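J.: Dropping the structure in here first, questions after.
Just so you know, all these numbers are worked out from the coordinates, no wet-lab data involved. All figures in this text were calculated on a predicted structure; none of them were measured in a lab. Cβ: placed from backbone, ideal geometry, glycine included. Neighbour counts: every protein chain shown.
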Amino acid sequence: MSFSVALTDDLETCLALRRLVFMEEQGVSEADEIDGLDPECLHLLAVVDGAPAGTARVYLDGEVAKIGRVCVLREHRGTGLGAALIEKAIEVSKGKAAQAKLGAQTHALDFYARFGFVATGRIYDDAGIPHRDMVRAL
């Protein structure tokens with residue numbers, strides 16, 4: 001398996017991946033998933049053997065880079081693709097913000113901690129899924 005992660009302008013493909021993972025698999029409503037911020041975000045696309053397999057976005061808000069909408073197709077989970085997306089999101093955020101922040105699904109807290117993210121605040125509901133905010137310095 002050969003994969004790559006890069007910045008992309010192909011928002012249509014990123015949205016298609018998010019629709020599959022968040023809306024179809026996890027039951028998130030379109031109203032919760034499509035928040036109007038995508039035109040202002042940096043988008044990452046992970047490709048495996050030439051086919052789209054994952055995505056993430058970075059929303060720059062002052063000194064904070066908000067990493068979000070991180071998803072990997074089911075058949076590519078556990079392959080390192082999610083880690084590559086997070087590493088690339090951190091890389092593209094450096095020099096543009098002082099801190100990275102994300103809202104992690106609670107089952108993924110340990111995954112994000114591997115990249116230096118620290119949980120803050122309480123668990124909250126986001127689109128029917130328990131989340132907790134995490135931050136790290138850039």
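J.: Decide, for the stretch 1-60, between rounded, prolate and oblate: order the square roots of the alpha carbon gyration tensor eigenvalues as a ≥ b ≥ c, take rounded if a/c falls under 1.5, and otherwise choose prolate if a/b is larger than b/c, else oblate.
T.: Oblate is the answer for the stretch 1-60, as a/c is 1.5 or above yet b/c matches or exceeds a/b.
J.: Under 8 Å for C-alpha pairs, at least 6 residues apart: give me the relative contact order for the stretch 1-88, rounded to a whole percent.
T.: About 32 percent, as a whole number.
J.: Another question, then. Starting at the first residue of the stretch 27-34, write each ³J(HN,Hα) from the Karplus equation 6.51 cos²θ - 1.76 cosθ + 1.60 with θ = phi - 60°, in whole Hz, x for Gly and Pro.
T.: The phi angles translate into x, 6, 6, 4, 4, 6, 7, 9 Hz.
J.: List residues of the stretch 63-103, by number, whose backbone nitrogen lies under 19 Å from a label position 7 Å along Cα→C-beta of Asp125.
T.: Under cut-off, by backbone N: 103.
J.: Give the residue from Thr13, Val28, Thr120 lying farthest towards the positive end of the charge dipole for the stretch 3-137; charges sit on Cβ (+1 for Lys and Arg, -1 for Asp and Glu) and the dipole is referred to the Cα centre.
T.: Thr120
J.: In sequence order, what are the phi-derived ³J(HN,Hα) couplings for the stretch 40-47 according to the Karplus relation 6.51 cos²θ - 1.76 cosθ + 1.60 with θ = phi - 60°, rounded to whole Hz, with x for glycine and proline?
T.: Those phi angles translate into 9, 9, 8, 10, 10, 10, 9, 10 Hz.
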